[in-house]
Amino acid sequence: MKTGQYLQLFRTSSLARNISKVLGGDVFSKILGIATAFILIRNLKVSDYAYLTVFYSVLGLIPGIVGNGINLALVRFSAEYISEAKRRPLELYAIGFIFQIVLYLVLGLFLFVFSDSVANLFFGGKMYINSLQFGLVGGFGYLISQAGRCVYQAEEKFGLYVRILWLKQSFILVFVAGLLFFRLLTFDLTVKAMISIELLVGLMLVFHIFHDFRVNDLLVFLRSRFSVIKEFLASTQWLIAYFIVLAVFQQMDIFMLAHFSSPGELATYGVAFRYYSLFLLTLGSIHAVLLPRFSKADMKNLSKQRHFAVKWMKVVSWLIIPIAAVDLFGKPLFDLVNGAQYEKSFYIFIILSVGIWLSLMFSPLVNIIINRKAFKFLFTISVVASIFNFFGNRFLIPLWGGFGAAVVVIASHGIINISSGIRVFCSAK
């Protein structure tokens with residue numbers, strides 16, 4: 001692939017600048033995240049890191065169920081609305097925030113009250129109750145910060161978008177390093193610091209987005225523009241359902257490992273998955289730019305979409321070279337950084353690294369399908385992938401532990417990627 005072809009991919013738009021901005025922000029955020037992960041992996045007990053892995057899973061799961069679908073559907077709808085109406089749908093943002101907060105409080109409170117039974121059902125015992133409860137509290141802040149970032153994404157304010165990443169990761173690193181310095185680094189204090197940071201960042205975002213918003217504006221909007229809300233719900237209900245299912249199946253490996261394996265096996269997988277998640281921040285950057293971009297009128301042409309996807313895949317396919325180099329030569333450094341107790345994590349990461357490459361290469365496909373408003377199709381393939389994910393984990397985790405979970409992660413996402421590719425390149429709509 002020649003350099004000129006790469007430049008031609010984005011030459012006629014601001015796409016390159018926006019992706020570069022978000023990717024640049026993510027690189028710095030990723031460095032901070034890796035530094036934090038290094039401190040935690042090296043200094044927490046194996047059992048504590050298993051608890052932390054479950055905490056991360058719960059932290060993202062409930063906000064994912066409650067907010068991911070609404071937020072990302074709101075990004076698509078708002079980008080299209082801004083493009084056509086030339087104004088911010090601030091009232092719609094407010095309704096989205098209020099709905100998510102109320103729903104999260106109801107669901108979160110229910111799970112918290114019955115945390116004994118929930119922990120036993122999902123994790124096979126009560127040893128992860130604290131992880132569940134901490135994750136539910138921290139998830140509230142995570143929900144708000146994700147909603148705020150999606151507002152910036154819809155409005156293509158990517159400078160603010162990446163600064164939120166920097167702020168959160170910087171605070172977490174400083175607090176974790178401080179706990180290590182004062183020899184106070186434990187699971188409880190670590191997650192309490194993370195919860196405080198999630199809540200603080202969330203409140204800052206709410207103030208920044210709505211500082212000049214008046215409740216009366218919302219009441220007027222509800223009376224005079226209620227049709228916009230109905231249009232949003234009618235046009236995105238299947239998309240919201242897709243992201244809800246996706247949020248569930250993306251955490252299923254952790255839940256199944258906690259249920260069917262030892263804390264040591266869960267911690268080993270958690271180390272590999274932490275690095276996998278950090279590398280996939282890049283995928284989030286790409287989606288952050290592509291989703292509002294593909295929601296605009298100039299990208300609704302099918303042949304233009306396919307042309308973009310083909311060029312993207314040709315360029316990104318070359319990433320297999322550095323990924324393969326890490327897999328072939330990275331083990332000594334991995335062992336040095338993470339310690340001999342997590343030696344097996346590197347081989348799990350090799351499996352997951354295949355998923356990094358495939359996810360990056362096929363990243364435009366789901367955005368193209370969202371642009372075509374084939375939401376029911378996305379929901380259908382996500383359900384198929386979730387069913388496969390559940391039974392795959394149920395069968396392979398008792399046999400292969402973390403290796404089985406990694407294989408199922410790659411295969412599950414493969415179902416979505418392959419199905420999306422068939423839809424984009426073989427369908428007339």
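Bear in mind that the values in this text are calculations on the coordinates, not laboratory data. Keep in mind that this is a model prediction, so the values were computed, not measured. Because the Cβ atoms are built from the backbone with ideal geometry, glycine has one as well, and the counts that use them run over all protein chains shown.
Between Asp188 and Ile31, the modelled labels are 3.6 nm apart [label points 7 Å from Cα along Cα→Cβ]. Computed packing ranks the peptides 163-169, 175-181, 70-76 as 70-76, 163-169, 175-181, most packed first, by mean other Cβ atoms within 10 Å. Each 10 Å bin, from zero up to the one with the longest distance, holds this percent of the alpha carbon pairs of region 3-426: 4, 21, 33, 28, 12, 2, 0. A simple spin-label model places the labels of Lys45 and Ser83 5.5 nm from each other, with each point 7 Å out along Cα-to-Cβ.
Under 20 Å of direct C-alpha separation, and excluding same-chain neighbours fewer than eight residues apart, Lys230 reaches these aspartates and glutamates: Glu80, Glu84, Glu91, Asp217. The phi-based Karplus calculation (6.51 cos²θ - 1.76 cosθ + 1.60; θ = phi - 60°) puts the 3J(HN,Hα) values of region 38-43 at 4, 4, 5, 5, 6, 10 Hz, whole numbers, x for Gly and Pro.
Using a Förster distance of 35 Å, how high is the FRET efficiency between Ile410 and Asn216, based on the Cβ-Cβ distance and rounded to 0.05?
0.10
Which residues in region 128-154 have a backbone N closer than 12 Å to a point placed 7 Å from the Cα of His208 along the Cα-to-Cβ line? So the set is 145-146, 148-153. Cross-link pairs exceeding 26 Å between alpha carbons, from the set Lys30/Lys86; Lys86/Lys373; Lys168/Lys376; Lys304/Lys373; Lys45/Lys192: Lys30/Lys86; Lys168/Lys376. Take each peptide in 137-144, 343-350, 182-189, count the other Cβ atoms within 10 Å of every residue, and average; sorted highest first, the result is 137-144, 343-350, 182-189.
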